[in-house]
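Asks: Pasting in a structure now, in structure tokens, and then I'll have a few things to ask.
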Amino acid sequence: PDSILFFRMGDFYEMFGRDAEVASKILEITLTTRGSGQGNVPLAGIPYHAAEPYLVKLLKAGHRVAICEQVEDPKTSKGIVKREVVQVVTPGTVSQSVLLNEKENNYLVGISGDQETLGLASVDITTGEFRVTQLNSDRRFACLAQELSSLKPPECIISSSLAEDREIKKALTGLRSSVRIMEDWNFESSFAYNKLLEHFNVRSLKGFGCDDKPQAIAAAGAVLAYLEDTQKTHLTQITRLHSYDLSRFMALDKATQSNLELTHNAQDNSRRNTLIEALDSTRTAMGARLLSQWLLHPLREKGSLESRHQAVAELHDDLLMRGKIQDRLNKVFDLERLLGRLGRVASASARDLAAFRESFKIVPEIVGILEKTQSFNLKIIKDKLFEHLDLVAEISLLISKAIVDNPPLGVREGKIIRSGYSDTLDELKAFSADGKNWVARLENQERERTGIKSLKVKFNRVFGYFLEVTTTNLSLVPDNYIRKQTMANCERYITPELKEKESLILGAEEKINNLEYELFQQVRERVISQTAVFQEVAHCLALIDVYASLAQTAKENNYCQPVIVDNGVLKITNGRHPVIEKTVKNEEFVPNNTFLDNDENRLLIITGPNMAGKSTWLRQVALIVLMAQIGSFVPAEAVEMSIVDRVFTRVGASDNLAMGESTFMVEMNETANILNNATADSLIILDEIGRGTSTFDGISIAWAIAEYIYNKNKIGAKTLFATHFFEMTELATIYSGIKNYNVAVREWRDEIIFLRKIIEGSADRSYGIQVGRLAGLPREVITRAKEILKNLEEKNYTKEGKASFAGPPPVVESNFQLSLFSPLISHPVVDEIREIDPNNLTPLEAINLIHDW
């Protein structure tokens, strides 16, 4: 009842009643009616073979779609053909490739909880990835919000008892997720536990590492129940349940992901000019998705990080190995999603099997290339692939023997099984071919017997085989021809002999198609019976793809390998912004050094004009740390860094009108989140805190925030704090661990030149008026701004921080530029110029005149 029903009728999906009325407006299709009077029913339809674009529109409009298919062969059924709902398409259960982004996962998320604990389960049915975690700390709601912002699920399911929880609503705010509320019994512990045991066919969940996590199990069981209800099929692609602990990863809240533009930019929400675009040199869709997961879940374990760096380093230094691997990976298809499609009978095609065959040919070559690797992580990949080589070869050979090189998209019309695979099929094909040869011979025989040179034997689906004679030759038609159809220029005939042969030929073709479909299904079943193994193979290929991608990006952009230390230091030599250095056009990117520690260089106050590069430097420091903690090389000459537990950023200005929050309120909310959750091991990036309110209020708030972060008894985190409040620079004279830095600027004839270099010390001016002039503000505005600035610099403001000016702004004469050569202009200077003979002026006299004018 809560879905729009696509009811299959022949070549169309029909919608009826309210469904038709709603869908016709969204899809912009014709709404008709059937019946009369009170039985008049609204009706709308779409072609079944072009349904996917319409599905996209309905899903984006917030609707679910129930697909009702014919499940009987119309040829063999009696009466109305039986139909069943075979799938309910929802935002989180989409499996159609045209509706998906191949480089991003499509997660369905389930949330459960009690008074002390939250459970989170996420599943991507297109790849079979199924993960759970349990949140037990006082920060559980903040952790939930952070993980949801990383997963970006298009659909969430929660229990009815959690639906009204204020903290849950807050965590879901701004996700653009469709939220489904399910009855509490779906999240009941014993129901969920038994649902998981039944699906995985195990006696305990201990092997999945979540047996002691009741809320995680509750969320996972509810998700599985929802999938079974909507997918109407056994979920063969979900072969394991992975339990993970968020404490292993650096936490990235929604604001930080957005401010640093990690996977989507702020302009059009695409990947353009983002960190993921700068890093992604992957060759497979599987690798691209894995890289995105890494980017949103940076590691906090030194050993794991160094192993990743080692793998990237070997491929970075060994150009030949990297080139061979990437060349092979170019031929690998998206095995994860192929397995998902093959698991659904209605979605599987012979082309999917052919893609498996081509991809599996690459696996032994990858193993051979990695034969002499020294990297620990690459050795693990090689060993796992080697372990499955025999099965990979067996399946590859099976598909090669069974499936033709270029199979058709459909699986019901034959032409997919290779000759020599089935003796029975080959015999049927030979019989069918002999029958068709007989028909071809019949045409020649009848032409000679009747003398009708234009006689043809043809075939169509309505009449089958028939003889066609043009009107001019009707007098030559023999008596044994039986008229079947009269056309404008010809007539069509049949003979008993032709009909008998037709029955044999068509019967053979139908048997051929049915047998080919049966053989295809056997091969498909053999492949999906090893889904778990092939998912591991796919993951290994995705891993080697990500390592090679990071190595390729590092080599192309002159990145260095970071050194992980334990002394709390962050030392960056000539660091660069990985995105902006690629997009800057009119100048070379200027690198900068950074030094932060837990003592004398704990909090840096950065001053300087807008557009000079403060925000770029702040962001590049955060990005370099984040890149290092996913295992990537970084854009710098050298980096020495301690692992951080979180990166916090508060940059930019925006409001949230939907929640009734002003720009300043958004700024304070994000800052409060930082102050309440940061630790001494965090990295904090603050840009222009306090600018959204009055001058004195803003300075007071910014000062207090800086002191709170600096205090080791409160937070004591490494912090970069950019501000235009020059009063803040006095903090460095009070606290030993605070240092002043500024962006170097040079002035020349009232113009400013940005040197983009970060130097120690504070800036003496903000240069805001000069920046306004560069932006094109009218000259009158610039002139008046200078006068007001002079007043302010002379302390001409009240104790409340309000500017106090002597009188209204002066009337500024127009600076309209006169035309020197127009005869219509009358002006004393112009008139004098007209009277001058330049040939009789000395250079000195000319200069003096210009000075007077």
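Asks: Just reorder HIS539, HIS234 by solvent-accessible area, largest first, 1.4 Å probe, all chains present.
Replies: HIS234, HIS539
Asks: While we're on this one: Along its three principal axes, how long is the stretch 171-306 when you only count alpha carbons? Whole Å, largest extent first please.
Replies: For the stretch 171-306, the Cα spread along each principal axis is 47, 37, 29 Å.
Asks: I've got another one for you. Percent of Cα-Cα pairs more than 16 Å apart in the stretch 555-632, please.
Replies: Summing the P(r) tail past 16 Å for the stretch 555-632 gives 56 percent.
Asks: Ok, one more. Please give the contour-minus-distance gain from GLU358 to ASN558: 0.36 nm per residue of separation, less the Cα-Cα distance, rounded to one decimal in nm.
Replies: Fully extending the segment from GLU358 to ASN558 adds 68.6 nm.
Asks: Could you work out how much longer the chain between TRP853 and ALA785 gets when fully extended? Use 0.36 nm per residue separation minus the Cα distance between them, nm to one decimal.
Replies: Taking TRP853 through ALA785 to full extension adds about 21.8 nm, to one decimal.
Asks: Could you sort 778-785, 827-834, 170-177, 531-538 so that the peptide with the highest average Cβ count within 10 Å comes first and the rest follow in order?
Replies: By packing density, highest mean first, the sequence is 531-538, 170-177, 778-785, 827-834.
Asks: What number, in nm² with one decimal, is the all-direction average of the projected area of the convex hull of the alpha-carbon atoms of the stretch 244-389?
Replies: Quarter of the Cα hull surface area: 11.2 nm².
Asks: Hey, what number do you get for the chain at 222 nm if only DSSP H runs of n ≥ 4 count, each worth -39500 (n - 2.57), divided across all residues, to the nearest 500?
Replies: Counting only the DSSP helices, I get -13000 deg cm²/dmol.
Asks: Taking a probe of 1.4 Å, how large is the accessible area per residue of the chain, in Å²?
Replies: Normalised by residue count, the accessible surface of the chain is 49 Å².
Asks: Calculate the spin-label point distance for ASN489 paired with GLU525, positioning each point 7 Å from the Cα along the beta-carbon direction, and give it in nanometres.
Replies: Going from the GLU525 label point to the ASN489 one covers 5.2 nm.
Asks: Can you list the equivalent-ellipsoid semi-axes of the stretch 413-555, largest first and in whole Å, using the square root of 5 times each Cα gyration tensor eigenvalue?
Replies: Semi-axis lengths for the stretch 413-555 are 54, 19, 12 Å.
Asks: Right, next: Sort 588-599, 471-482 by packing, meaning the average of other beta carbons within 10 Å per residue, with the highest value first.
Replies: 588-599, 471-482
Asks: So, in Å, what gap is there between the alpha-carbon centers of the stretch 574-592 and the stretch 396-455?
Replies: 64
Asks: Show the residues, 5+ positions off or on another chain, whose built amide H is closer than 5 Å to the amide H of ALA638.
Replies: Here THR573 satisfy the definition.
Asks: So if I place +1 on the C-beta of Lys and Arg and -1 on the C-beta of Asp and Glu, and nothing else carries charge, what would the dipole magnitude of the stretch 126-184 be about its Cα centre? I want it in debye, nearest 20.
Replies: Here the size comes out at about 280 debye.
Asks: Show me, for the stretch 187-193, the HN-Hα J-couplings you get by feeding each phi into the Karplus relation (A = 6.51, B = -1.76, C = 1.60, θ = phi - 60°), rounded to Hz, glycine and proline as x.
Replies: So the Karplus estimates, Gly and Pro as x, are 9, 5, 3, 5, 4, 5, 4 Hz.
Asks: Taking Cα atoms of the stretch 112-224, Rg/Rh with Kirkwood Rh, to two decimals?
Replies: Across the stretch 112-224, the Cα-based Rg/Rh ratio is 0.94.
Asks: Then there's this: Given a cut-off of 22 Å, name the pairs among LYS436/LYS458; LYS585/LYS614; LYS78/LYS458; LYS456/LYS499; LYS429/LYS501; LYS302/LYS714 whose C-alpha atoms lie farther apart than that in the structure shown.
Replies: Violating the 22 Å limit, Cα to Cα: LYS78/LYS458; LYS302/LYS714.
Asks: So, one more: Could you name the aspartates and glutamates in cross-link range of LYS757, using Cα to Cα under 18 Å and dropping any fewer than eight places away on the same chain?
Replies: GLU581, GLU587, GLU588, GLU637, ASP687, GLU747
Asks: I'd like the accessible area for ILE705, computed on protein heavy atoms only with a 1.4 Å probe and all protein chains in place. Round to 10 Å², please.
Replies: In the full protein context, ILE705 sits at about 10 Å².
Asks: With r as the distance between the Cβ atoms of VAL56 and ASN330 and R0 = 51 Å, compute the FRET efficiency 1/(1 + (r/R0)^6) and round to 0.05.
Replies: Calculated value: 0.95.
Asks: At 0.36 nm per residue, and after removing the present C-alpha to C-alpha distance, how many nm does the segment from SER475 to ASP597 gain when stretched out fully?
Replies: Separation in residues times 0.36 nm, less the Cα-Cα distance, equals 33.4 nm.
Asks: Can I ask one more? With respect to the cross-link table entries LYS361/LYS415; LYS254/LYS718; LYS571/LYS712; LYS82/LYS484, which display a Cα-Cα separation exceeding 25 Å?
Replies: Checking Cα-Cα distances, LYS82/LYS484 exceed 25 Å.
Asks: Ok, one more. Normalised by the number of residues in the stretch 101-219, what is the relative contact order in percent for Cα pairs under 8 Å and 6+ residues apart?
Replies: Contact order relative to length: 29 percent.
Asks: Can you give the angle from 0 to 90° between the axis of helix 17-27 and the longest principal axis of the chain, with both taken from C-alpha atoms, to the nearest 10?
Replies: The angle comes out at about 60 degrees.
Asks: If you don't mind, there's one more thing I want to ask. From the phi of every residue in the stretch 635-650, what ³J(HN,Hα) in whole Hz does the Karplus formula 6.51 cos²θ - 1.76 cosθ + 1.60 yield, where θ is phi - 60° and glycine or proline is x?
Replies: x, 6, 7, 7, 9, 10, 8, 8, 5, 9, 7, 8, 10, 10, 9, 10
Asks: What is the antiparallel percent of DSSP beta bridges lying wholly in the chain, to the nearest 5?
Replies: DSSP beta bridges in the chain are roughly 60 percent antiparallel.
Asks: I need the phi-derived Karplus couplings for the stretch 106-116: 6.51 cos²θ - 1.76 cosθ + 1.60, θ = phi - 60°, integer Hz, Gly and Pro marked x.
Replies: For the stretch 106-116, the Karplus-derived couplings read 10, 9, 9, 10, x, 10, 10, x, 10, 5, 10 Hz, x marking Gly and Pro.
Asks: Share of the chain's accessible area from carbon and sulfur, percent, 1.4 Å?
Replies: Of the solvent-accessible surface of the chain, carbon and sulfur hold 51 percent.
Asks: How far, in degrees from 0 to 90, does helix 285-296 lean away from the longest principal axis of the Cα atoms of the chain, to the nearest 10?
Replies: 30
Asks: Amide H to amide H under 5 Å from LYS484: which residues, 5+ apart in sequence or cross-chain, H placed 1.01 Å off N in plane?
Replies: Those lying under 5 Å, H to H, from LYS484 are ARG492, TYR493, ILE494.
Asks: With viscosity set to 1.567 mPa s and temperature to 4 °C, compute the Stokes-Einstein D of the stretch 691-784, Rh being the Kirkwood radius across alpha carbon pairs; µm²/s, no decimals.
Replies: 84
Asks: If I take R0 = 30 Å and measure r between the Cβ atoms of LYS712 and ARG166 in this structure, what FRET efficiency does the formula 1/(1 + (r/R0)^6) give, to the nearest 0.05?
Replies: Calculated value: 0.35.
Asks: Among all the aspartates and glutamates, which ones have a C-alpha under 15 Å from LYS232's C-alpha, if same-chain residues fewer than 8 places away are not counted?
Replies: GLU69, GLU84
Asks: Would you list which aspartates and glutamates come within 17 Å of LYS379, measuring only between C-alpha atoms, while excluding same-chain residues fewer than 8 positions from it?
Replies: GLU306, GLU314, ASP317, ASP318, GLU365, GLU371, GLU387, GLU536, ASP545
Asks: Something else: Which peptide among 484-494, 248-258 comes first, and what is the full order, when sorted by highest mean count of other Cβ atoms within 10 Å?
Replies: The densest-packed peptide leads the list: 248-258, 484-494.
Asks: Tell me which residues come under 5 Å, amide H to amide H, from GLY113 once H is placed; ignore anything under 5 positions away on its chain.
Replies: GLY119
Asks: In vacuum, with every alpha carbon of the chain counted as one equal point scatterer, what does the Debye formula give for log10 I(q)/I(0) at q = 0.07, 0.08 Å⁻¹? Two decimals, please.
Replies: Result of the Debye calculation: -0.74, -0.89.
The values are calculated or read from the model by the stated rules, or taken from the named source; none is laboratory data. Values in this document were obtained by computation on a predicted structure and should not be read as measured data. Cβ atoms come from the backbone with ideal geometry, glycine included; neighbour counts cover every protein chain shown. For the accessible areas, the whole protein counts, side chains as well, though only heavy atoms, and no ligand, DNA or RNA atoms are used. Shrake-Rupley method; radii C 1.70, N 1.55, O 1.52, S 1.80 Å.
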